[in-house]
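A quick write-up on the structure given underneath.
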Amino acid sequence: MKQRTLGNQGLTVSAQGLGCMGMTHAYGPSDQQEAIATLHRALELGINFFDTAEVYGPYNNEELLGRAFAGRRGEAIIATKFGFDIRDGATVGVTSDPAQIRAHVEGSLRRLGTDYIDLLYQHRIDPKVPIEEVVGVMGDLVREGKVRYLGLSEAGVANIRRAHAVHPISALQSEYSLWERNLEDDIIPVLRELGIGLVPFSPLGRGFLAGTAKRAEEYPPTDFRHQDPRMQGTNFDANMAAAQTVRDVAAARGVAPGQIALAWVMQQGADIVPIPGTRRRANLEQNAAAAAIQLDAQAIATLERALQHIAGPRYNPERMATVDR
């Protein structure tokens, strides 16, 4: 796996990372043994960039990575996030109270079994706290050696600029794929102006672009996708028809649809490092192989034309309210 650099501060990672959220809670019961084997297999494949957060679980996703990388910490570049208000095991909102950020980070360090975090993100913008105060504390943690690089997640243009003025931001994590291209008009140009990398999550459209998605009602209520508007009712039918083009392009090349979707993301720029999530080694190996696929201009145009109109919003109103746009 080749490497790419996120931002201007020297954060170099594998050209494709691994989103770990689904390994513990988001998509139903998990197999911890297989999850750890998948994390170890990623290292063998040259994937060294792993994404977690305190809210995943909550907490047990970080603990999983701590167990998996015990004795191998130097091989992994770990990104984690703070910014949700977690009470009695439930998420009740967002919070970036400057007085509490340090405690959140100390908790992550303990669960990860490490004395430093490679990349620390604010998970969501807290409208009650100026971003300058949040990044001020995050910058202090960099100076203390507890954090190496800083990032934001789902931040809008104004907050990206304000944050970067306080301390260099190395990466923005946001949803980006053939399925969701809302970053292209405003945010990606600002990232490139400031020298900030992009880390797209859900580059496979929560399975839609990989051809594995089901209707929302077929997932249990505990599954993240149960509330996905794009998988509900007539939206599902329209989006499945649009995604047929991905399957057609993949079939013509003898590869999997998800590999085509990942190849598209990776060809959008050398400053982009997608983090497809999976819980299984077989899927990981398939995703990693996408790094070797090159799409020609005709294939790219065909894909973009077919998926330019997607039915339904990306989140329900409650989740969308936390996105800084």
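Do you know which residues across the range 188-212 are surrounded by fewer than 23 Cβ atoms within 10 Å (Cβ to Cβ), over 16 Å from the mean Cα position of the chain (by Cα) and either part of a loop (DSSP other than H, G, I, E, B) or touching a residue at least 24 places away in the same chain (Cβ under 8 Å) (or both)? Selection gives 190, 192, 194, 195, 211, 212.
Taken over the range 138-183, the residue count meeting the criterion of being out of contact with any Leu (no Cβ under 9 Å at 6 or more places or on another chain), more than 30 Å from residue 261 (Cβ to Cβ) and not in a loop (DSSP other than H, G, I, E, B) is 6.
For residue 107, indicate whether it is of a type in the set (Gly, Ala, Ser) and farther than 30 Å from residue 260 by Cβ. Taking the combined requirement at face value, the residue satisfies it. From the list 134, 92, 55, the lone residue that is touching a strand residue (DSSP E or B) at 6+ places or on another chain (Cβ under 8 Å) and part of a helix (DSSP H, G or I) is 134.
Counting the residues of the range 133-151 that are closer than 17 Å to residue 94 by Cβ and either within 16 Å of the chain's Cα centre (by Cα) or acidic (Asp, Glu) (or both) gives 2.
Filter the range 15-33 for residues that are small (Gly, Ala, Ser) and within 14 Å of the chain's Cα centre (by Cα); which is nearest to residue 264 (Cα to Cα)? Applying the filter and picking the extreme gives 15.
Residues that are in contact with a strand residue (DSSP E or B) (Cβ under 6 Å, 6 or more places away or on another chain) and more than 20 Å from residue 11 (Cα to Cα) within the range 265-279 comprise just one, 277. Is it the case that the range 259-267 has a residue that's surrounded by fewer than 20 Cβ atoms within 10 Å (Cβ to Cβ), modelled with pLDDT of 95 or more, in contact with a helix residue (DSSP H, G or I) (Cβ under 9 Å, 6 or more places away or on another chain) and among the β-branched types (Val, Ile, Thr)? The answer is no; no qualifying residue exists. The single condition from (1) farther than 20 Å from residue 13 by Cβ; (2) among the aliphatic types (A, V, I, L, M); (3) crowded, with 23+ Cβ neighbours inside 10 Å that residue 42 fails is (1).
Criterion applied to 282, 289, 256 was being surrounded by fewer than 13 Cβ atoms within 10 Å (Cβ to Cβ), out of contact with any strand residue (DSSP E or B) (no Cβ under 9 Å at 6 or more places or on another chain) and small (Gly, Ala, Ser), and the one residue passing it is 282. Residue-level check: of (1) out of contact with any Lys or Arg (no Cβ under 8 Å at 6 or more places or on another chain); (2) surrounded by fewer than 18 Cβ atoms within 10 Å (Cβ to Cβ), residue 50 misses just (2). Within the range 166-184, does at least one residue satisfy the condition of being farther than 14 Å from residue 196 by Cα, surrounded by fewer than 19 Cβ atoms within 10 Å (Cβ to Cβ) and touching a Pro at 6+ places or on another chain (Cβ under 8 Å)? No, there is no match, as no residue in the range 166-184 is farther than 14 Å from residue 196 by Cα, surrounded by fewer than 19 Cβ atoms within 10 Å (Cβ to Cβ) and touching a Pro at 6+ places or on another chain (Cβ under 8 Å). Against the condition assigned to a helix (DSSP H, G or I) and either without any contact (Cβ under 8 Å) to a residue 12 or more places away in the chain or out of contact with any Phe, Trp or Tyr (no Cβ under 6 Å at 6 or more places or on another chain) (or both), how does residue 263 come out, does it pass? When the stated conditions are applied, residue 263 passes them. The test for being over 22 Å from residue 203 (Cα atoms), outside any helix (DSSP H, G or I), in contact with a helix residue (DSSP H, G or I) (Cβ under 7 Å, 6 or more places away or on another chain) and in contact (Cβ under 8 Å) with a residue 40 or more places away in the chain holds for residue 114.
The values are calculated or read from the model by the stated rules, or taken from the named source; none is laboratory data. Remember, predicted model here, so these are calculated numbers, not experimental data. Note: ideal-geometry Cβ built from the backbone for every residue, glycine included; neighbour counts use all protein chains shown.
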